[in-house]
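Taking it in order: structure first as structure tokens, then the write-up.
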Amino acid sequence: MAYFKYKEILFTPLAHSVETLSYVENEFQLLDDDTVIVSYPKSGTHWMVEILSLIRSHGDPSWVQNIPLWDRSPWIEVDSHLQIALKYPPPRLLSTHLPFQLFPKSFLHSKAKIVCTLRNPRDVMVSTYYFSKGCKDSKDLGTVEEFMESFLSGEVPYGSWFDHVKGWVEIKERANIFFITYEELQLDLRGSVQKICHFLGKELNSQQIESVVENASFHKMKDNKMSNFSLIPESIFDHTKAKFMRKGVSGDWKNLLTVAQSERFDDAYQENMCSVDRTFPWD
Ligand code: A3P
């Protein structure tokens, strides 16, 4: 299926349209009590939605067990989700994969809180490679090598990982943005939940935090049909060709990339990220 471009960034046609993207960028009003989950695709977005949903319900799992994930936190740039976002009673929990330059302009004057999740781009690429096999609106990815070149040049849906990360990291000094990595969540989910609660100004007792940690685990999410993608219809996602809750680990890229491919990736990473004044767990 052919992708289309909006302001130089590729988007898939089943879920997106120029009208919605333009509306979200120019007219969508962020509210001061919004919390927005920001991430490049395959960086742990759904995991963060589950964590923030559980924090919001003080660790009570009934919300995540009964309401589909995108109703709890709709993606503002997705045609069908935008309607959910517009009807969402505040305080809203919203998600987006948009790069900063396409994010609602209203953010500049708002106190909306942004939780930005980053992940090793090698794992992002590998996760995308497998996941896209199930996406009905995905182009044929070609070989791993061909797909890696598309990924490194940003010729993939939502554009360049490098530009996405640089765009968001550039506003890191703002008080209402919080950065966390997939790798930190893996290493210390409890500590990460505590840090997120602190940023959001939410006070949970240790029992409630324990319940967030338990119910946001890979295995719980994999069994939760409200969060594991099984509600996505076959017309959008072929469940026989890919699994959304695939491995849930860090470093799986080592199982796919050859030494030469990984060196090629390292060179491109260095070239694109050398100007960034921030270190990441995968550096
Ligand atoms: P893998 O394909 O590497 O397994 P996103 O939500 O941004 O699309 O990211 C999807 C990735 O997050 C997938 O990675 C998925 O398995 C992983 N993921 C989802 N829930 C998770 C959880 N509770 N713990 C660890 N990883 C999780």
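Summary of computed values
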{"read-out": "Length added when fully stretched, Lys136-Ser235, from 0.36 nm per residue minus Cα-Cα", "value": "34.9 nm"}
{"read-out": "Global geometry of region 54-126, whether rounded, prolate or oblate, following the gyration tensor of its Cα atoms and the 1.5 cut on a/c", "value": "oblate"}
{"read-out": "Area accessible to solvent at Asp33, 1.4 Å probe radius, in Å²", "value": "70"}
{"read-out": "Expected 222 nm ellipticity per residue - DSSP helices of 4 or more, -39500 (n - 2.57), all of the chain, to 500", "value": "-12000 deg cm²/dmol"}
{"read-out": "Solvent-accessible area per residue, Å², over the chain with all protein chains present [probe radius 1.4 Å]", "value": "46"}
{"read-out": "Centre separation in Å (Cα based) which lies between region 210-283 and region 56-102", "value": "20"}
{"read-out": "Qualifying aspartates and glutamates (Cα of each under 18 Å from Cα of Lys133; at least 8 residues distant if same chain)", "value": "Asp123, Glu145, Glu146, Glu149, Glu155, Glu234, Asp238, Asp252"}
{"read-out": "Val126 - accessible surface, heavy atoms, 1.4 Å probe, Å² rounded to 10", "value": "0"}
{"read-out": "Computed E for Arg278/Thr143 - FRET, C-beta separation, R0 30 angstrom, nearest 0.05", "value": "0.40"}
{"read-out": "Listed pairs Lys113/Lys247; Lys42/Lys222; Lys111/Lys202; Lys222/Lys254; Lys7/Lys172 exceeding 21 Å between Cα atoms", "value": "Lys113/Lys247; Lys222/Lys254; Lys7/Lys172"}
{"read-out": "Rounded, prolate or oblate (a/c below 1.5 giving rounded, otherwise prolate when a/b exceeds b/c) for the chain by Cα gyration tensor", "value": "rounded"}
{"read-out": "Calculated FRET value between Ser22 and Glu214, using beta carbons and R₀ = 35 Å, to 0.05", "value": "0.25"}
{"read-out": "Accessible heavy-atom area order of Val213, Val38, highest first, probe of 1.4 Å", "value": "Val213, Val38"}
{"read-out": "Exposure ranking of Ser275, Ser73, Ser22 by accessible area [1.4 Å probe, largest first]", "value": "Ser275, Ser22, Ser73"}
{"read-out": "C-alpha center-to-center spacing [region 7-33, region 159-180] in angstrom", "value": "18"}
{"read-out": "Pairwise FRET efficiency - Gln261 versus Met1, Cβ, R0 = 25 Å, nearest 0.05", "value": "0.40"}
{"read-out": "Leu102, Leu204, Leu31, ranked by accessible area, largest first (probe 1.4 Å)", "value": "Leu31, Leu204, Leu102"}
{"read-out": "Surface share of carbon and sulfur [accessible, 1.4 angstrom probe, percent] for the chain", "value": "53"}
{"read-out": "Cα-based radius of gyration of region 1-92 once divided by 2.2 N^0.38 Å, which approximates compact folds", "value": "1.17"}
{"read-out": "Theoretical gain in end-to-end length, Asp223 to Ser62 [0.36 nm per residue, Cα-Cα removed]", "value": "56.6 nm"}
{"read-out": "Probe 1.4 Å - accessible area at Asp267, Å² to nearest ten", "value": "100"}
{"read-out": "Whole-Å semi-axes of region 214-283's equivalent ellipsoid (Cα gyration tensor)", "value": "32, 17, 13"}
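The values are calculated or read from the model by the stated rules, or taken from the named source; none is laboratory data. The structure displayed is predicted, hence computed values, not measured ones. In this analysis, Cβ positions are derived from the backbone assuming ideal geometry, glycine residues included, and neighbour counts consider all displayed protein chains. Ligands, DNA and RNA are excluded from the accessible area calculation, which covers all protein heavy atoms including side chains. Shrake-Rupley method; radii C 1.70, N 1.55, O 1.52, S 1.80 Å.
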